[in-house]
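Student: Quick one: this structure, given as structure tokens, is what I'll be asking you about.
The values are calculated or read from the model by the stated rules, or taken from the named source; none is laboratory data. In this text the structure is predicted, and so the values were computed from the model without any measurement. Cβ sites come from the backbone with ideal geometry, for glycine too, and all protein chains shown count toward neighbours. Calculation scope for accessible area: heavy atoms of the full protein, side chains included, ligands and nucleic acids excluded. Shrake-Rupley method; radii C 1.70, N 1.55, O 1.52, S 1.80 Å.
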Amino acid sequence: MTVTVGGGLPGGQYDVTVVGAGVVGSAVARELARLPLRIALVDAADDVGEGTSKANTAILHTGFDAVPGSLESRLVREGQRLLSAYAAESGIPVEPLGALLVAWDEEQRAALAGLADKAVRNGYRAARIALPEEVRAREPELGPGVLGALDVPGESVICPWTTTLAYATQAVRSGVDLHLNCRVLDAISGDVHTLTTSRGPLRTRYLVNAAGLYADAIDRLLGHADFTVTPRRGQLIVFDEFARGLVRHILLPVPGALGKGVLVSPTVYGKVMLGPTAEDLDDKTDTGSTAAGLAVLREKGRRILPALLDEEVTAVYAGLRAATGDEDYAIRSHPAQRYVTVGGIRSTGLTASMAIAAHVVELLADGGLPVAGARDLEPVRMPNLGEAFPRPYRDAELIARDPEYGRIVCHCERVTRGEIRDALAATVPPGSPDGLRRRTRARGGRCQGFHCGAAVRALFEEARR
Amino acid sequence: MTRDRTVDVLVVGAGPAGLTLAARLAGAGAGRVEVLEREQDAGGAPRHCHHGGFGGLLRPWLAGPAYARLAVEAAVAAGATVRTGVTATGWAGPLSLETTSPAGLERITARAVVLATGARERPRSARLVPGSRPAGVLTTGELQQSVHLYGQEVGRRAVVVGAEPVARHAVRTLRRAGAEAVAQVTEHSRGIAVPGVPLLTATTVVELRGRGRLSGVAVRHEDGRSGVLACDTVVFTGDWIPDHELARRGGIALDPGTRGPCVDASFRTSAPGVFAVGNALHGVERAAAAAAEGAAASAAVLARLSGAPWPEPGPPLVVRAPLVWVSPNRLTGTAGRPLLLRSGEPLTGPVVTVAQDGRLLWRRRFPGRVPPWRSLRLPPGWTDRVDRGGGPVVVTAG
């Protein structure tokens, strides 16, 4: 098992290198790990999922609202099936809550029928229109003025952090080399690709570009200019777990002329998320929240779920989507170059990730990658971060076997020292205290470290020594 | 397997209030008095407050850790059991708590439960301060623990948000850790300045900047002037909120002003047999004030143990702006000690009035300036004139 975070890269030549260890790149590496090949997964950051993947809206989509006939529509539909099964097998928290697209004005109400029809064209047949009385009965805390909703029972919430980590963990355990802090600076293509990275040269026969916000830049290094990634910022507010009782479904907005709009959704961590905004930027690092953005979210949130605004805010963050201006994924194969670009993967990429991975491996095979000898991977079992599932602090048998699971370090999130110890010693260890938070929830609660920050940091530093 | 146990009094939280109450109760022969502390060490926030003043007028040099140690020793010497590393995670019944510790899961049932869970400072996120999410963003509590309990490095240049006593302690802790406090920022028109640290009043933090590590704090004065303070650390101080999770999980009524459990003057909550004391009631007061509440609650807890009935909740005490809270906030009998009253804004010579159903119960002018971080103490004499069956008792300041 190899994870490196510094120093020179191993010599020799990889069969396939995946650039970008987000949810899509990690899924591709995992899929490739089934083959008897030498595979590398590289990322500029110090952890997997550090880019767009970590700030996803965390919904496992049915694909009901995709553009019918698009690649995205197919991959989201397939990916939803694949990831649902994989999550059950590997312990990724998923809560099948169902979604309601709530109509607040006549225009939105009128759009529901078209959305129901679109769902059918996307192969999703369970969506139906619910009348205002039913919507109110199912979501009693909704603000006044509900005119109806599209009921999409198949939508779920999922843990995006565990998903990426499960893929990367399984890939590494199956022989993939994961190189972090490894930024691709240049590429020379020939019989092999030679990548110049911040950690020295890397030689590879095949290359997969899953670099998210930077997929266009990598593409240009390889001589392609098919698309430009415009970072689209989404700011989100996460409310304390006491808000969780206010909402039972994923409350999706009805898309209108002004874009997709703001949703209110429970999270698998037992909280409630409000967002995202949609702002096109030109800075691919600008993941800051703004006063204006937060004000817009609060105003919209107050209309959707008035009581929400009285609850304490646990976290505010912003993520960037890799928007390309195109309505579909930009997955392009260049067989002669033994190169595949996986670009323009937006919010739905989490749901579609396993289907994207299978699609990419097919494209590589079409380009000559030998795919004989595929094997089943050893299953992984990830630690549970979901509030709806048994957590270690409540597990008497586990604590009896190992008292460290009874030693609560992060009080708000009830994270035990045993879980922190395990995360720090895991196949893919965290690169920072924030990475530790995404693996355990430690320091992710209402006090944001007032009580446990120093203790958690001490455990992190100790493990690094 | 979950172990079931019973005790006479279960106190949740081994800070000044909980420990003082436990010492009183154990000393008065209340039977088995058990204090649960989720941290590895008992003593509460004073454990990481390395400054003097904890001994009151008699021993002003006494620092927090020494005070905490003495409070633990007193409780134990009186016969109370203080258990650390034990977290009350929820309720199993009206007077039964579920706990987790390295020894396993327990269900502890008591004849009286006391919530002494303390308070915390609201972090940057809860204050909706926009910007990036770099390292180096702290509350005073995290800063003090980092420096005093763990000996960790903090940055070199820090901005302190707030200008109340706790902000002064933050500045001192930063200096002890070798960091420079480059400015104090407060949205109020005045604050407590610390010698050597520029104080920016009527100023708001509008953005945090930096990738990986904080690089600066953007501020704006109320007259529109703005700028960026270069720093690698920012400490958000004050803005206390009771740690009311257990109370809320138990369905215990909270006061909208304090955000702590609603209590009467005998520290009785809305749940029969459940009391609440200390900073869990109202956010931060000095350790001595929290301890005094713990001591004052002992008579009511003893009365409960000997079968005294739980009174119907009396009329609520409510405040009008600029006041933000009063504690206690229900009246079921005559109060035996002063009530605490907070304003959200600085007041000068305020006239405080208490009225019920249009009937004036009390009025007094308080001389001098009253900052928003210090409670006014209302003498309790008027509380015997409250009509127990009447409407809300309204406290105003003008």
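Student: Answer with yes or no whether residue A:123 is open to solvent by 50 Å² or more (accessible area, probe 1.4 Å), closer than 22 Å to residue A:357 by Cα and not basic (Lys, Arg). Explain how you work it out, then say what you get.
Tutor: Working: open to solvent by 50 Å² or more (accessible area, probe 1.4 Å): no; closer than 22 Å to residue A:357 by Cα: yes; not basic (Lys, Arg): yes.
Spelling it out, it is not the case that residue A:123 is open to solvent by 50 Å² or more (accessible area, probe 1.4 Å), closer than 22 Å to residue A:357 by Cα and not basic (Lys, Arg).
Student: State whether one or more residues within the range B:250-258 are among the hydroxyl-bearing types (Ser, Thr, Tyr) and under 18 Å from residue B:121 (Cα atoms).
Tutor: At the first step, the residues of the range B:250-258 found to be among the hydroxyl-bearing types (Ser, Thr, Tyr) are B:258.
Still in the list and also under 18 Å from residue B:121 (Cα atoms): B:258.
Within the range B:250-258 (the criterion being among the hydroxyl-bearing types (Ser, Thr, Tyr) and under 18 Å from residue B:121 (Cα atoms)), the answer is yes, since at least one residue qualifies.
Student: Does at least one position in the range A:87-100 carry a residue that is over 30 Å from residue A:26 (Cα atoms) and modelled with pLDDT of 95 or more? It would help to see each step written out before you state the result.
Tutor: Start the filter on the range A:87-100 by keeping residues that are over 30 Å from residue A:26 (Cα atoms), which leaves A:100.
Add one more test, that the residue is modelled with pLDDT of 95 or more, and what stays is A:100.
Yes, some residue in the range A:87-100 is over 30 Å from residue A:26 (Cα atoms) and modelled with pLDDT of 95 or more.
Student: In the range A:186-211, which residue that is of a type in the set (Gly, Ala, Ser) and at pLDDT below 95 is most open to solvent (accessible area, probe 1.4 Å)? Steps first, please.
Tutor: Step one: filter the range A:186-211 for residues of a type in the set (Gly, Ala, Ser), giving A:187, A:189-190, A:198, A:200, A:210-211.
Of the ones still in play, those that are also at pLDDT below 95 are A:189-190.
Details: A:189: 56, A:190: 41 Å².
By that ranking, first place goes to A:189.
Student: Here is a follow-up. Which is in contact with a Cys (Cβ under 6 Å, 6 or more places away or on another chain) and closer than 29 Å to residue A:453 by Cα, of B:107, B:83, B:69, B:120? Step through it out loud before you land on a result.
Tutor: On the way: B:107 fails: in contact with a Cys (Cβ under 6 Å, 6 or more places away or on another chain); B:83 fails: in contact with a Cys (Cβ under 6 Å, 6 or more places away or on another chain); B:69 fails: in contact with a Cys (Cβ under 6 Å, 6 or more places away or on another chain).
So the residue among B:107, B:83, B:69, B:120 that is in contact with a Cys (Cβ under 6 Å, 6 or more places away or on another chain) and closer than 29 Å to residue A:453 by Cα is B:120.
Student: Run residue B:70 past the list (1) closer than 24 Å to residue B:174 by Cβ; (2) among the aliphatic types (A, V, I, L, M); (3) open to solvent by 20 Å² or more (accessible area, probe 1.4 Å) and report the number of the one that doesn't hold.
Tutor: That leaves (1) as the condition not met.
Student: Condition test on residue B:59, is it surrounded by fewer than 17 Cβ atoms within 10 Å (Cβ to Cβ), of a type outside the set (Phe, Trp, Tyr) and within 17 Å of residue B:290 (Cβ to Cβ)?
Tutor: Details: surrounded by fewer than 17 Cβ atoms within 10 Å (Cβ to Cβ): yes; of a type outside the set (Phe, Trp, Tyr): yes; within 17 Å of residue B:290 (Cβ to Cβ): no.
Taking the combined requirement at face value, the residue does not satisfy it.
Student: Further question: Return the pairs, sorted by first residue and then second, in which the second residue is of a type outside the set (Ser, Thr, Tyr), the first residue lies in the range A:112-134 and is on the phi > 0 side of the Ramachandran plot, the beta carbons are less than 8 Å apart, and the residues are 6+ apart or on different chains.
Tutor: Once the first residue is on the phi > 0 side of the Ramachandran plot and sits in the range A:112-134, its partners that are of a type outside the set (Ser, Thr, Tyr) give A:123/A:63; A:123/A:77.
Student: On to the next question. Identify the residue in the range A:283-308 that is of a type in the set (A, V, I, L, M), open to solvent by 10 Å² or more (accessible area, probe 1.4 Å) and more than 11 Å from chain B (Cβ to nearest Cβ) and, among all such residues, is farthest from residue A:67 (Cα to Cα). It would help to see each step written out before you state the result.
Tutor: Within the range A:283-308, the subset of a type in the set (A, V, I, L, M) is A:291-292, A:294-297, A:304-305, A:307-308.
Restricting the remaining residues to those that are open to solvent by 10 Å² or more (accessible area, probe 1.4 Å) gives A:291-292, A:295-296, A:304, A:307.
So of that shortlist, the ones also more than 11 Å from chain B (Cβ to nearest Cβ) come out as A:296, A:304, A:307.
Working: A:296: 28, A:304: 26, A:307: 35 Å.
For the range A:283-308, the residue satisfying everything is A:307.
Student: Kindly indicate which of A:16, A:67, A:28, A:24 is in a strand (DSSP E or B) and either hydrophobic (A, V, I, L, M, F, W, C) or at pLDDT below 95 (or both).
Tutor: Numbers: A:67 fails: in a strand (DSSP E or B); A:28 fails: in a strand (DSSP E or B); A:24 fails: in a strand (DSSP E or B).
Matching residue, one of A:16, A:67, A:28, A:24: A:16.
Student: While we're looking at this one, here's another question. Scan the range B:38-48 for residues that are of a type outside the set (A, V, I, L, M), open to solvent by 20 Å² or more (accessible area, probe 1.4 Å) and within 20 Å of residue B:289 (Cβ to Cβ) and report the count. Walk me through how you get there before you give the answer.
Tutor: Restricting attention to the range B:38-48, the residues satisfying the condition of being of a type outside the set (A, V, I, L, M) are B:38-41, B:43-44, B:46-48.
Next cut, open to solvent by 20 Å² or more (accessible area, probe 1.4 Å) only: B:38-41, B:47.
Within this subset, residues satisfying the condition of being within 20 Å of residue B:289 (Cβ to Cβ) are B:47.
Residues that pass the stated criteria total 1.
Student: Count, please, the residues in the range B:355-398 that happen to be of a type in the set (A, V, I, L, M, F, W, C) and either outside any strand (DSSP E or B) or touching a helix residue (DSSP H, G or I) at 6+ places or on another chain (Cβ under 6 Å) (or both).
Tutor: Here is the first cut: in the range B:355-398, the residues of a type in the set (A, V, I, L, M, F, W, C) are B:355, B:360-362, B:366, B:370, B:373, B:376, B:378, B:382, B:386, B:393-395, B:397.
Within this subset, residues satisfying the condition of being either outside any strand (DSSP E or B) or touching a helix residue (DSSP H, G or I) at 6+ places or on another chain (Cβ under 6 Å) (or both) are B:361-362, B:366, B:373, B:382, B:386.
The number of residues fulfilling the criteria is 6.
Student: Here's something else I'd like to know. Of everything in the range B:215-250, what is among the acidic types (Asp, Glu), within 19 Å of the chain's Cα centre (by Cα) and open to solvent by 30 Å² or more (accessible area, probe 1.4 Å)? Give them in sequence order. Working first, answer last.
Tutor: First, pick out the residues of the range B:215-250 that are among the acidic types (Asp, Glu): B:222-223, B:232, B:239, B:243, B:245.
Cutting the leftovers down to within 19 Å of the chain's Cα centre (by Cα) gives us B:239, B:243, B:245.
Result: B:239, single match.
Student: Any idea which of (1) at the interface with chain B (Cβ under 9 Å from one of its Cβ atoms); (2) touching a strand residue (DSSP E or B) at 6+ places or on another chain (Cβ under 6 Å); (3) among the hydrophobic types (A, V, I, L, M, F, W, C) is the one residue A:458 doesn't satisfy?
Tutor: Unmet for residue A:458, out of (1) at the interface with chain B (Cβ under 9 Å from one of its Cβ atoms); (2) touching a strand residue (DSSP E or B) at 6+ places or on another chain (Cβ under 6 Å); (3) among the hydrophobic types (A, V, I, L, M, F, W, C): (2).
Student: Another question, then. Filter the range A:378-421 down to the residues that are open to solvent by 10 Å² or more (accessible area, probe 1.4 Å), away from chain B (no Cβ under 11 Å) and under 18 Å from residue A:91 (Cα atoms) and list them by number.
Tutor: Correct list: A:378, A:379, A:381, A:382, A:383, A:384, A:387, A:388, A:389, A:390, A:419.
Student: Please pick out the residue among A:449, A:435 that is on the phi > 0 side of the Ramachandran plot and buried (at least 18 other Cβ atoms within 10 Å of the Cβ).
Tutor: Working: A:435 fails: on the phi > 0 side of the Ramachandran plot.
None of the others qualify; the one that does is A:449.
Student: Filter the range B:106-136 down to residues that are open to solvent by 20 Å² or more (accessible area, probe 1.4 Å) and in a strand (DSSP E or B) and give me whichever is nearest to the other protein chains (Cβ to nearest Cβ).
Tutor: Top of the filtered list is B:135.
Student: Say whether the condition of being over 23 Å from residue B:149 (Cα atoms), touching a helix residue (DSSP H, G or I) at 6+ places or on another chain (Cβ under 7 Å) and within 13 Å of chain B (Cβ to nearest Cβ) is met by at least one residue in the range A:437-449.
Tutor: Looking through the range A:437-449, at least one residue is over 23 Å from residue B:149 (Cα atoms), touching a helix residue (DSSP H, G or I) at 6+ places or on another chain (Cβ under 7 Å) and within 13 Å of chain B (Cβ to nearest Cβ).
Student: Also, I was wondering about something else. What is the one condition in (1) in contact (Cβ under 8 Å) with a residue 60 or more places away in the chain; (2) within 14 Å of chain B (Cβ to nearest Cβ); (3) open to solvent by 10 Å² or more (accessible area, probe 1.4 Å); (4) touching a Gly at 6+ places or on another chain (Cβ under 9 Å) that residue A:277 does not satisfy?
Tutor: It is condition (1) that residue A:277 fails.
Student: Further question on the same structure: Name every residue in the range B:199-209 that is in contact with a strand residue (DSSP E or B) (Cβ under 7 Å, 6 or more places away or on another chain) and in contact (Cβ under 8 Å) with a residue 24 or more places away in the chain, in order of residue number.
Tutor: Just the residues of the range B:199-209 that are in contact with a strand residue (DSSP E or B) (Cβ under 7 Å, 6 or more places away or on another chain), to begin with: B:199-200, B:202-209.
Within the range B:199-209, B:199, B:205, B:206, B:207, B:208, B:209 meet the criteria.
Student: Which residues, counting only those in the range B:146-171, are facing chain A (nearest Cβ under 9 Å) and within 15 Å of residue B:234 (Cα to Cα)?
Tutor: Matches in the range B:146-171: B:146, B:147.
Student: I would also like to ask the following. I want to confirm something. Restricting to the range A:60-93 and keeping residues that are β-branched (Val, Ile, Thr) and crowded, with 23+ Cβ neighbours inside 10 Å, which single residue is nearest to residue A:180 (Cα to Cα)?
Tutor: Kept after step one, since they are β-branched (Val, Ile, Thr), are these residues of the range A:60-93: A:62, A:67, A:76, A:92.
Cutting the leftovers down to crowded, with 23+ Cβ neighbours inside 10 Å gives us A:62, A:76, A:92.
Details: A:62: 33, A:76: 28, A:92: 23 Å.
Once the filter is applied, the top-ranked residue is A:92.
Student: Quick check, is residue A:109 among the basic types (Lys, Arg), crowded, with 18+ Cβ neighbours inside 10 Å and assigned to a helix (DSSP H, G or I)?
Tutor: yes
Student: Another question, then. Collect the residues in the range B:65-89 that are more than 14 Å from chain A (Cβ to nearest Cβ), out of contact with any helix residue (DSSP H, G or I) (no Cβ under 8 Å at 6 or more places or on another chain) and assigned to a strand (DSSP E or B), keeping them in residue-number order.
Tutor: B:81
Student: While we're on this one: In the range A:335-345, how many residues are buried (at least 18 other Cβ atoms within 10 Å of the Cβ) and either at negative phi or without any contact (Cβ under 8 Å) to a residue 12 or more places away in the chain (or both)?
Tutor: First, the residues of the range A:335-345 that are buried (at least 18 other Cβ atoms within 10 Å of the Cβ): A:338-345.
The next check asks that each one be either at negative phi or without any contact (Cβ under 8 Å) to a residue 12 or more places away in the chain (or both); those that pass are A:339-343, A:345.
Going through the range A:335-345 one residue at a time, the tally reaches 6.
Student: In the range B:142-200, what count of residues is obtained for those that are in a strand (DSSP E or B) and open to solvent by 40 Å² or more (accessible area, probe 1.4 Å)? First the steps, then the outcome.
Tutor: Keep residues of the range B:142-200 that are in a strand (DSSP E or B), which gives B:157-161, B:180-185, B:199-200.
Then drop every residue that is not open to solvent by 40 Å² or more (accessible area, probe 1.4 Å), which leaves B:157, B:180, B:199-200.
Summing the residues that are in a strand (DSSP E or B) and open to solvent by 40 Å² or more (accessible area, probe 1.4 Å) in the range B:142-200 gives 4.
Student: Kindly indicate the residue of the range B:90-105 that is in contact with a Gly (Cβ under 6 Å, 6 or more places away or on another chain) and more than 10 Å from chain A (Cβ to nearest Cβ) and also least open to solvent (accessible area, probe 1.4 Å) among those meeting that condition.
Tutor: This residue is B:95.
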